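Here the structure comes first, spelled out in structure tokens, and everything after it is commentary.
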Amino acid sequence: METAQICPKCGRTIPGGQIVCRCSARPRRYWLHSRETILLLCVAGLIVAFGITGFAARLYHGSRAELARTWFDRGNAELKAGRPGAALSDFRAAVVYAQHELPLEQQQQYELNFVQALMATGNADEARSYLLDMWERAPGNSQVNLELARMAAQVGDDADAKRYYNEAVYGVWDENAGDILRSRMQARLELYRYLIDRGDRTEAQSVLLAIAAETPPDPSSHTQIGQLMLQGGQPQQALEQFGQALRLDGRNYEALAGAGEANFQLGNDREAVRYLESATRDGMQQKKRPGSQEPDQAARETEEGRVAQELAIAQATLALDPNRPGLDPMERARRAIRAYDAAVTRIESCAKEHGIALPEPATNLTPFTDAASDELAQVALGGHIEQLQPLMEFIFQMESAATENCGPPSDPTNAAFVRIGEKAQTSRP
């Protein structure tokens, strides 16, 4: 018979058949009590906490970005409405909310609008300081350089204006390739107008030629450059720009009218008539199209009046010029006598109004100037056609005297004779 054993730990009797007491057996453990489970639960809790924090952070930053856009839109609306003071506050808030929330390019645009509002409210010094700070951060930013150039131009700082304009042209534009060409062109055009206003025509023409060399394939751009060249006394270069515009859009009214004026200035009357007639036809067709009202109707009417006047003068010049090739002596004489009659009528009217002395013809011209009738004068001149040029010079002398004392002729016929005389003076060796 086995002897009962006593547990040395608890003092209880160990039942028969057991080696150790129950107090020494490994206690039962539940899964929640394991270290691995607790660790996994902690990690899961951290992940959830990080997710909630990230979501809250994104919500916070998204809210700030949206506030920046809202204030920016409000500022633009206030600026367009002519309330720069309110716009300044809106843009200031937009700049604050945009920091670290929007892309750098967008932040710079917000800052530029803020600067524009500063200038609109008369805070030029603060605007300049802000722009210079932006320039220090991004010296190659074309928009910043352009604003600095405008400020320098306003205060008459010629050196800074030219420097910043050039840096704007060759700087970094945050746009696509096509828009970069247009923005660069507009910056150069600003520089061109600045130079023209300062009377620096030589440098301005160089800038305009550089613009022409890089003008994008756009009919309106070529037309704009051509018009500036016409104003600057460069009709031949202007004609090339109008030609490029018409190759892109053959019915462009402004390009047709510009090509006609360029040819008119160059003395190419036949080509001037061709282009000016096309412009007139196209202008009439545009008016018949529904919804074709011009935004600046007064400017368009002025342009159409100029086109009509130049067309009438060019047509009259072709019809009245006695020096046109291929004319027989009698036709040349007929045209010259008609020119003489028109010049006499004009100078006599001017003399009555202003009391000027009438020019006297040379003795060798009296058979034509004192003839009893135009028909006899034509026959006499046709028989002595070598006297046509001296007669035309006397006609031009009368027209010039009338223009000097009574202003340029309003009648296309007299204007044509003045034009013919000027051509003859220019072509004389």
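Go through segment 279-308 and give me each residue that's of a type in the set (S, T, N, Q) and at pLDDT 80 or above. Listed by number, the residues that qualify are THR280, THR302.
Only residues that are open to solvent by less than 60 Å² (accessible area, probe 1.4 Å) and either touching an Asp or Glu at 6+ places or on another chain (Cβ under 7 Å) or in a helix (DSSP H, G or I) (or both): list them for segment 369-382, please.
THR369, ALA377, GLN378, ALA380, LEU381, GLY382 - these are the residues of segment 369-382 that are open to solvent by less than 60 Å² (accessible area, probe 1.4 Å) and either touching an Asp or Glu at 6+ places or on another chain (Cβ under 7 Å) or in a helix (DSSP H, G or I) (or both).
From the list SER221, SER206, the one residue that fits, being open to solvent by 50 Å² or more (accessible area, probe 1.4 Å) and among the hydroxyl-bearing types (Ser, Thr, Tyr), is SER206.
When restricted to residues that are of a type in the set (A, V, I, L, M, F, W, C), farther than 17 Å from LEU112 by Cα and in a helix (DSSP H, G or I), segment 144-159 contains 2.
All of ASP133, ASP160 fail the test of being out of contact with any Asp or Glu (no Cβ under 6 Å at 6 or more places or on another chain), open to solvent by 40 Å² or more (accessible area, probe 1.4 Å) and of a type in the set (D, E, K, R), apart from ASP133.
Within segment 167-184, residues that are within 18 Å of ALA149 (Cα to Cα) reach partners that are in a loop (DSSP other than H, G, I, E, B) and aliphatic (A, V, I, L, M) with beta carbons closer than 9 Å, at six or more positions or on different chains, in the pairs VAL172/ALA138.
Taking residues in segment 199-210 that are part of a helix (DSSP H, G or I), and partners anywhere that are surrounded by fewer than 14 Cβ atoms within 10 Å (Cβ to Cβ) and among the small types (Gly, Ala, Ser), the pairs with Cβ atoms closer than 9 Å and at least 6 places apart or on different chains are ARG201/GLY233; GLN205/GLY233. Annotation: of all residues in segment 306-355 being of a type in the set (A, V, I, L, M) and over 27 Å from SER373 (Cα atoms), the one that is surrounded by the most Cβ atoms within 10 Å (Cβ to Cβ) is ALA314. Look at segment 276-303: where a residue is open to solvent by less than 100 Å² (accessible area, probe 1.4 Å) and a partner is of a type in the set (Asp, Glu) and modelled with pLDDT under 80, sitting 6+ places away or on another chain with Cβ atoms under 9 Å, you get GLN286/GLU294; ARG300/GLU294.
If you go through segment 65-111 and keep only what is charged (D, E, K, R), within 24 Å of ARG137 (Cα to Cα) and not in a helix (DSSP H, G or I), you end up with just GLU101.
The values are calculated or read from the model by the stated rules, or taken from the named source; none is laboratory data. Quick caveat: nothing in here was measured; it's all calculated off a predicted structure. Here the Cβ is made from the backbone with ideal geometry for all residues, glycine too, and neighbour counts use every protein chain on show. Each accessible area value is taken on the protein alone, full model and side chains, heavy atoms only, with ligands, DNA and RNA left out. Shrake-Rupley method; radii C 1.70, N 1.55, O 1.52, S 1.80 Å.
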